[in-house]
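The structure appears right after this line, and notes come after that.
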Amino acid sequence: METAIRKLETNVFSKLEYLLELGGIKKDIAFLVLSGLAVLASLFDYQPLPFDIAWVAIILCGLPIIIEAIIGLVTEFDIKADVLVSLALIAAVATGEIFAAAEVAFIMQIGALLEDITVAKARAGIEKLVNLTPQEARVLTASGAQFVKADEVQVGDILRVLPGETIPVDGEIIAGETSINQAVLTGESLPVDKTVGDMVSSGTVNQFGSFDMRAVKVGEDSSIQRMIRLVQSADAGKAKIVGLADRWATWVVVIALLSAIGTWAVTGEILRAVTILVVFCPCALVLATPTAIMAAIGNATKHGFLVREGDALERLANVKTVTFDKTGTLTFGMPKVVAVESVDSPVGCTSDAVYRLAASLEALSEHPLGKAIVKSFKESSKTDILPVTEFKMLPGRGVSGKIASQLIVAGNERMMAEAGIEITSSVKTSGAKYLDQGGTIVYVAVGQYLVGYLVLADTVRSESQAVIDKLNRIGVETVLLTGDNESAAYTIGSQLVIRSIRANCLPEDKLNYIESHENQSICMIGDGINDAPALKKAQVGIAMGGVGSDIAVDAADIALVDDEIKELPHLMALSKRMMSTIKWNLAFAMILNFTAIGLSFPGILTPVTGALVHNAGSVLVIINSALLLTWRSRA
């Protein structure tokens, strides 16, 4: 008999060692299936082993709980839920309630599995980024194309990407044209056309043509790796509300022990004391809170937000003021031609002709305003750009060249003055209204005659107005903090009905404003390096992850991947809903615990039924938290 038992123990523990090698949810499912079969067999008194088969559930599901409790007590004197569960298991076994102990361990495994599934589902939308970075890259060298590990690519290397391949690093296209699926980083459903000079990001997929690119950001600096770091830092354990629940759990453990000892002393029945230990385990109190946070993080991810700090949503729920940077946040952050005006001259150009002449010249320019003019022209006009000869670029002034043997000049007022081209007072007056609104004017001349001018300005995002309106309606104060001049700031601020406007702000000015209003629980939204101090100081910092700088994203608590702030009201409503869910979970868990104690003292609940009641409560609050995954604000 002893030999058979030893052989059985060897077989069981060898299988147990194999199961322990399984990770995460797979391990939980494996343990749960074996334990469930053991509990059912014990319930129907089917005993194929020389000992109670319910021990299988105790070993697979209960032993890890006891080990974790001992480690926590010895290393950190950490009195948490595991301590009380362990005491309940040990007490049940000591009193001969093997089936009750197995049931407690089995149902605890169900709760743990539900928590793992909830967390895994919540993070599935962002953790898939980890697997998106290709393992290899095709580097072009003097001897031909060579495959190297993606993390060995150096800045400046020339890479070739074929259709269907995932781009290994961030870079600039130097040859070829293609369409890129950027959904993983920006959420865009349609592919984006790319050509020479365009930037491409790691993790995005090349859909059609092959192209060559120069590596610009590699390794940890690439877009996909930055997003992975955001995912890895999204830790629900950092939330203050979790710490609060843990402190409550410690007191619950103490109260449960005193209650169990008192019940045993008064009634003399150890089973009632064991029942109290079982029903008073604060698992629902501790488990429901982090799952609510992670479910809310998962919801936020589906709406374009990557939450870097676990307690960011908790802090966002208390925000009363939202401060916005202007450029790149409420606006696109890129200049665009918003007006083209022709002027009376002997040449007699129409506004369309003025636009075409300017775009043809600027097509050879490397200046950002020149590129903006060309881009705007191509988007709005069906005519082709004209060939230019004798092109010249004068830094800080403008450009010149010949089109069909005629000298064309495009630039600022200084450029016109140096070329001897007169700008009349009436033209200056008509252009003043655009300058007052924060626009930039590029004058265009043919020969010695001014023929018109283009106005470039940053354009407001289409969703900005709706976002500000929703925030104003729910009583959230909106503030504009921008480094732009007062004309540009007040033009945008008035257009969007922002209640408070601060112009000409340096980085320290934004930081000082946040510091002086700390008691108002401020959320700062920005995109640039100059916003980083304010993003870091604010109660909650939200960075524009797409156009924003790396420094801004690193300083923020939340990154907006697709740069569309239209989902901001949903995020704020989600944070309040999350806190409401957590409070309901905590209240329900406490009420359930004390009600169960009241039923355990007179013996109405046994260790078995007490385990069912207690763990049913844990399952209910976890399911309640999981509802946050699909919750949608109606505002």
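Here are the numbers for this structure:
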item: Which of 356, 632 has the fewest Cβ neighbours within 10 Å, and the rest in rising order; result: 632, 356
item: Peptides ranked, highest mean first, by Cβ atoms within 10 Å: ranges 330-337, 314-321, 192-199; result: 330-337, 314-321, 192-199
item: Residue 418-residue 154 FRET efficiency (beta carbon distance; Förster radius 45 Å; 0.05 resolution); result: 0.55
item: Residue exposure sequence - 588, 324, 305, 77 - by fewest surrounding Cβ within 10 Å; result: 77, 588, 305, 324
item: ³J(HN,Hα) computed for each position of the stretch 428-445 - Karplus, 6.51 cos²θ - 1.76 cosθ + 1.60, integer Hz, glycine/proline x; result: 4, 5, 5, x, 4, 5, 6, 5, 5, 8, x, x, 10, 9, 10, 7, 10, 10
item: Protection-proxy order for peptides 574-586, 37-49, each taking the mean of Cβ atoms within 10 Å per residue, highest first; result: 574-586, 37-49
item: Highest to lowest packing among 516-527, 375-386, scored as the average C-beta count within 10 Å; result: 516-527, 375-386
item: Whether the stretch 315-420 is rounded, prolate or oblate, judged on the alpha carbon gyration tensor where a/c under 1.5 counts as rounded; result: prolate
item: Distance violations [Cα-Cα > 23 Å] among 217/375; 302/326; 336/428; result: 217/375; 302/326
item: From phi via Karplus (6.51, -1.76, 1.60), per-residue ³J(HN,Hα) for the stretch 500-512 in Hz, x at Gly/Pro; result: 9, 10, 10, 9, 6, 8, 7, x, 5, 5, 5, 4, 5
item: Calculated from backbone phi, Karplus (6.51, -1.76, 1.60) coupling profile of the stretch 33-48 in Hz, x at Gly/Pro; result: 5, 5, 5, x, 5, 5, 5, 5, 4, 5, 4, 9, 6, 8, 10, x
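Every number here is computed from the coordinates shown, using simple stated rules; none is lab data. All of these numbers come straight from a predicted model, not from anything done at the bench. As a convention, Cβ positions derive from the backbone with ideal geometry for all residues, glycine included, and neighbour counts pool all protein chains shown.
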